[in-house]
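Data block below; observations after.
Values in this text are rule-based calculations from the coordinates and carry no lab data. Note that the structure is a prediction, hence the values are computed from the model and not measured. Here Cβ is always computed from backbone atoms with ideal geometry, including for glycine, and neighbour counts include all displayed protein chains.
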Amino acid sequence: MDLRLLAAAPTDVERDAVDAFLGLPKDRDGDRIDQASGRVALGGHQMRAERHRLLPALHALRNARGWISEGGLAYVCERLTVPPAEAYGVATFYALLGLHERPNRVVHVCDDIMCARQSEATIIHLESDGVSVVRSPCLGGCSNPAATLEDAVGSTFASGSETPPVPQERDGLRLLCRIGVVDPTSIGDYEEHGGFSALRRARELGPEQVLAELERSNLRGRGGAAFPTAVKWRGVRAAAGAVKHVIANGDESEPGTFKDRVLMEADPFALVEGLLIAAEATGATKAWIYVRAEYPTAIERLGAAIAAIETAGWNDGLDIELRVGAGAYICGEETSLFASIEGQRGEPRQKPPFPTTSGLFGQPTAINNIETLVAVLDVIERGAKAFAAIGTKDSTGPKLFSVSGDVHRPGVYELPFGTPLGEFIALAGGAEGQIGAVLLGGAAGTFIGPDDLDFELSIEGANGVGAMLGSGAVMVFNDSTNFGTVVRRIAAFFRDESCGKCVPCRIGTVRQEEALIRLAEGTVIGSIESEVRLLADIDAVMTDASICGLGRTAASAVRSAIALELAGVIT
Ligand SMILES: Cc1cc2nc3c(=O)[nH]c(=O)nc-3n(C[C@H](O)[C@H](O)[C@H](O)COP(=O)(O)O)c2cc1C
Ligand code: SF4
Ligand code: FES
């Protein structure tokens, strides 16, 4: 590969930060670069092999200086043999990687759906103290608004919010039983609380029996699509290829969702144990955990848990790598996540081919949600029969729900599938005021009216009222809510997070937001009816023709809010 580099030079701080991550260059000042032409020549194979280190190298630059200068970017390009235009494309893809000089300390303040009411006061307070504020989408601290994230030069991010609460008694819980009970930094304490017994059993059973057990349990993925885990794992096991991957998807960026955060921060060893079982069952040769940068506590604890597990030898030689996102909701979509690890812009790919045969680096890959992997422990430890006895016929096992908004006890709850929504809200302390509507499944979800609270929280129950459980977000709004403000924030979220790869979503999310603003401001084009028809058209095009789930669900909340005639949306 013949590569034309940028002329700008890095500062010493930037060079040291990149070298600290990549190691000292073998041919420093060296032979690779032709000083006269500024070109660098390296083999294509070597270039491709290094590319996946691009995002962590950009993080190293960001941590060192707070932003990525042209000289810093040039140095990363030289070290990894990445064309500058491509590195620029990657750096500009992520909200948390800036390419312009910025103050040494910045605080990201969530002004998303659940924090919007408190965010203005928080911003005024911070700005009056001279702090630079950046508005942010959901930071996973929705139970305690407004959530914040510290971002200071010379350090990694620091969360402004505690691990969200688990207000339930732990007795009888399967997924949350260790939360707040076990020391998340101690492998010994984890073992004393039953840790690794599922892995031991999985190794006794062997891959075939683990898969059979999973099949009998009917465990379906908890990341939103509800795909049967056994089918996915079998697909990877059967796929041809010497290198196979398992990935834990900890990108959790759906507004209103913070259940995976609780698991990763308060029970990190359990996630790694679930991932090791996935690797055994699928025959994977490499394991990855991808966590959003906005969860620094989870990143720190998972890093320590991986190190302790490797030291203790539980990984049986399997390499487990922790990767950190950089502020992009779309990177939770599985194929975008692959692209992000590979050092490309986090844009989704067309499916098929499916990840089971062509996933990360084009190799067979099983990617699972964090909660799914923790649920696997319960299936293996207590057996498929006991697992399937919980919940309903098609939605087996326990399920985590993140509840926020106008309830007395927000937090993460574990419920058997099939629990009526109203019963769940009562468990969460009941609503503050009269319920106006509940947004189920986050920004990509559906509003449920106060007359539908008896429906069952299960995959089939949600389908029955035209909703999706999605990631298990339950956002409760009382009847004093201006739902127009809420849907406009949702529309702004999708407009901002659309990766722009396909036209229906790239244009549709902008047009949707514009129409909602015109309705709010009374500046309609034509009539209110024609604007509502336009919204329905945009909805149909995005839902039918978008490449990925982001575009396909970007109109869902708006559609349901209009159908329920929620206050403030149309008038
Ligand atoms: C826009 C978008 C964002 C997503 N974000 C996440 C996420 O943060 N975590 C997650 O587990 N799945 C997320 N998913 C679903 C993943 O693509 C994938 O289905 C899931 O990780 C598979 O795991 P599971 O089978 O255990 O549910 C997202 C999907 C879309 C379309
Ligand atoms: S639907 Fe949206 S997020 Fe998905 S690929 Fe298309 S533009 Fe990107
Ligand atoms: S942290 Fe603000 S909406 Fe989730």
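Here are some notes:
- Qualifying lysines (Cα of each under 23 Å from Cα of K385; at least 8 residues distant if same chain): K232, K393, K399
- With contacts taken as Cα pairs under 8 Å at a separation of at least 6 residues, region 483-563 carries a relative contact order of 35 percent.
- Calculated [222 nm] ellipticity per residue, helices only, for the chain: -12500 deg cm²/dmol; basis is -39500 (n - 2.57) per DSSP H run with n ≥ 4, divided by all residues, nearest 500.
- Tail beyond 24 Å, pair distance distribution of region 187-383 (Cα, percent): 33
- Sites A388 and T11 - FRET efficiency at Förster radius 51 Å, r taken between beta-carbons, to 0.05: 0.30
- Compactness ratio for region 165-255: Cα radius of gyration over 2.2 N^0.38 Å (N = residue count) comes to 1.32.
- Relative contact order (%) - the chain, alpha-carbon pairs under 8 angstrom, separation at least six: 12
- log10 of Debye I(q)/I(0), alpha-carbon scatterers only, for region 429-571 at 0.19, 0.21 Å⁻¹: -1.12, -1.31
- Legend: helices of the chain (whole DSSP H runs) are marked when their alpha-carbon atoms reach 18 angstrom or more along the helix axis and their mean Kyte-Doolittle hydropathy is at least -0.5; marked are 116-128, 268-282, 296-312, 370-382, 483-497, 503-521, 528-545.
- Beta bridges per DSSP, both residues in the chain: antiparallel share near 55 percent.
- Take the convex hull of the alpha carbons in region 521-571; its mean projected area over all directions comes to 3.8 nm².
- Ranking P364, G206, C548 by Cα position along the charge dipole of the chain, where only Lys, Arg, Asp and Glu carry charges on their C-beta atoms, puts P364 farthest toward the positive end.
- Whole-Å distance, taken between Cα centres, linking region 457-511 and region 357-434: 20
- Prolate/oblate/rounded call for region 76-201, Cα gyration tensor, a/c under 1.5 rounded: oblate
- Computed log₁₀ I(q)/I(0) - Debye formula, equal Cα scatterers, no solvent, region 298-430, q 0.09, 0.11, 0.21 Å⁻¹: -0.41, -0.62, -1.21
- Among P416, V272, I289 - extreme Cα towards positive end, dipole of region 267-422, charges at beta-carbon: P416
- With the simple model of a label 7 Å out from the Cα in the direction of the Cβ, E310 to D189 spans 2.3 nm.
- For the pair F354 and R409 in one chain, pulling the backbone fully straight at 0.36 nm per residue adds 15.8 nm over the alpha carbon distance.
- Translational diffusion of region 98-142, µm² s⁻¹ [Kirkwood Rh, Cα pairs; Stokes-Einstein; 4 °C; 1.567 mPa s]: 117
- Subtracting the Cα-Cα distance of E101 and N482 from their residue separation scaled by 0.36 nm leaves 133.4 nm.
- Cα-based Kirkwood hydrodynamic radius, region 244-324, one decimal, Å: 12.6
- Beta bridge orientation in region 105-159: antiparallel %, DSSP, nearest 5: 60
- Hull volume per residue, based on the alpha-carbon atoms of the chain and their convex hull, is 154 Å³.
- Global form of region 398-478, assessed from the alpha-carbon gyration tensor, a/c cut-off 1.5: rounded
- Among the GluC sites (Glu not before Pro) in region 146-239, those placed in a DSSP loop whose Cβ has at most 12 other Cβ atoms within 10 Å are E162, E169.
- Relative contact order (%) - region 189-272, alpha-carbon pairs under 8 angstrom, separation at least six: 22
- Between region 183-258 and region 319-345, the alpha-carbon center distance in angstrom: 19
- Within the chain, the cysteines lacking any other cysteine Cβ closer than 4.7 Å to their own Cβ are C77, C138, C142, C177, C331, C499, C502, C505, C548.
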